[in-house]
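Working notes for the structure below.
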Amino acid sequence: MSAVNLLDFDLDGLTAYCEQLGEKRFRATQLFRWIHQKGASDFDQMSDLAKSLRAKLQGSAVIEGLKPISEHVSSDGTIKWLFDVGDGNAVESVYIPEDDRATLCISSQAGCAVGCRFCSTGHQGFSRNLSTGEIIAQLWFAEHALRKRLGTSDRVISNVVMMGMGEPLQNYAQLVPALRTMLDDHGYGLSRRRVTVSTSGVVPMIERLQQDCPVALAVSLHAPNDVLRDALVPINKKYPIQELMQACLSYLSAAPRDFITFEYCMLDGVNDSDEHARELIALVKGRIPCKFNLIPFNPFPQSGLHRSAMPRVQAFARMLQDAGIVTTVRKTRGDDIDAACGQLAGEVQDRTKVHTRLRREPVIMPVSVVRRPTKGDRTV
Ligand code: SAH
Ligand code: SF4
């Protein structure tokens, strides 16, 4: 029988596993803390666990993270890791430090089945779901590698966004224990408001997330009407905008934040006109508490699409703001490494070597509030 990977368990799962070994709940808590709070991967390190338990674990379990294939560090501190997940697949995680927080962007699948027009992961197709262990291993690795590097035993990562490769709500069963581990005080102790699931709009799973593990929700909207959204985000044909809006609204009744973040990728001549802005305002205003995050499109060759010019993005943002909707534009940062939003691990590796990207795209990161420019302001 192959060894159980303890990264696959949230605390309840680990407790059940320990019970099978004849151990009490508090042993599972100790073990969980060793793994997630101290970053231990070797049972011999776990000095306060009975030798007999350590011996049992040695025989039946492992703590196995992901193998990093590469690391790129930007001059602004952004770090991108590429992890091998076997069979020629790789996923990426991106660490984004800011003054008041540090965010890790995590992948949930190798590839993605949704197939959005503007997303290179979508163009790549679906390879497979990541396991709970592979999802949490990205945080486990980054948190403990960074603590070592920064010479601290304090927590480094304060926020997690499920905005890497894949549609998290199409990998629901594996996602939820990973989220619970992020939130658990014996795990990473992150606040529910600081863990964000981003979805293209898998309506039934939005409803389940609200019941099982409410965290902050970001919805990739990208279009104000069904005709356009059908073309850009194919899952809209199954769950059209009105159903999505209804799911968002009911999510808010139990959500840790009192607004939904709508992501909107700005595509030149496709979804970025004044008329689209007016339609968006009519869609949400007075109906759903929300913020908009406009993402300048990161082009890739097969997309046939172009990024909206920055003045257009600013004008679009201003229309939403003038209608009273808080709107931010994702800021470009760290353009010396290649980790752009929606392009993470766009390449599937062949079995012998990692493809290197031919193009360089800037790192896109959250949140610069769009204000009316004042003198001396630089546009984002
Ligand atoms: N599948 C989830 C989460 C991963 S994608 C989702 O779609 O929400 C994370 C964000 O990046 C989404 O808002 C997505 O629409 C956006 N994105 C994808 N491709 C992009 C691109 N080429 N340029 C800019 N943003 C992109
Ligand atoms: Fe999948 Fe999100 Fe990319 Fe759409 S934008 S293809 S849902 S990863």
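The values are calculated or read from the model by the stated rules, or taken from the named source; none is laboratory data. All values reported here derive from a predicted model rather than from experimental measurement. No Cβ is skipped: glycine too gets one built from the backbone with ideal geometry, and neighbour counts run over all protein chains shown. Just the protein is used for accessible areas: all its heavy atoms, side chains included, with ligands, DNA and RNA removed. Shrake-Rupley method; radii C 1.70, N 1.55, O 1.52, S 1.80 Å.
Among the residues of the stretch 95-117, the ones that are within 11 Å of ligand 1 (Cβ to nearest atom) and either among the β-branched types (Val, Ile, Thr) or modelled with pLDDT under 95 (or both) come to 2 in all.
Please pick out the residue among Ala110, Ala90 that is away from ligand 2 (no atom under 14 Å from the Cβ) and of a type outside the set (Asp, Glu).
Working: Ala110 fails: away from ligand 2 (no atom under 14 Å from the Cβ).
Result: Ala90 is the single residue among Ala110, Ala90 that is away from ligand 2 (no atom under 14 Å from the Cβ) and of a type outside the set (Asp, Glu).
Of all positions in the stretch 296-306, at least one carries a residue that is open to solvent by 10 Å² or more (accessible area, probe 1.4 Å), at pLDDT below 95 and at positive phi. Within the stretch 98-123, the set of residues being surrounded by 18 or more Cβ atoms within 10 Å (Cβ to Cβ), of a type outside the set (A, V, I, L, M, F, W, C) and more than 26 Å from Ala231 (Cβ to Cβ) comprises just one member, Thr103. The residues listed here are Leu31, Leu14, Leu53; of these, the one that is modelled with pLDDT under 95, in contact with a helix residue (DSSP H, G or I) (Cβ under 7 Å, 6 or more places away or on another chain) and outside the structural domain of Ala142 (by TED's automatic domain parsing) is Leu53. Every listed requirement among (1) part of a helix (DSSP H, G or I); (2) out of contact with any helix residue (DSSP H, G or I) (no Cβ under 6 Å at 6 or more places or on another chain); (3) in contact (Cβ under 8 Å) with a residue 12 or more places away in the chain is met by Ser70 save one, (1).
When the stretch 218-257 is limited to residues that are at pLDDT below 95 and closer than 17 Å to Val195 by Cβ, the one that is surrounded by the most Cβ atoms within 10 Å (Cβ to Cβ) turns out to be Ala255.
For every residue, the table says whether it meets (1) away from ligand 1 (no atom under 16 Å from the Cβ); (2) touching a Ser or Thr at 6+ places or on another chain (Cβ under 9 Å); (3) open to solvent by 40 Å² or more (accessible area, probe 1.4 Å); (4) charged (D, E, K, R).
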site: Glu143; (1), (2), (3), (4): yes, no, no, yes
site: Thr152; (1), (2), (3), (4): yes, no, yes, no
site: Ser158; (1), (2), (3), (4): yes, yes, no, no
site: Val161; (1), (2), (3), (4): no, yes, no, no
site: Gln170; (1), (2), (3), (4): no, yes, yes, no
site: Ala173; (1), (2), (3), (4): yes, yes, yes, no
site: Thr181; (1), (2), (3), (4): yes, yes, no, no
site: Gly189; (1), (2), (3), (4): yes, no, no, no
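Only one of the listed residues (Glu207, Glu263) is outside the structural domain of Lys38 (by TED's automatic domain parsing), within 16 Å of ligand 1 (Cβ to nearest atom) and either open to solvent by less than 10 Å² (accessible area, probe 1.4 Å) or not hydroxyl-bearing (Ser, Thr, Tyr) (or both). That residue is Glu263.
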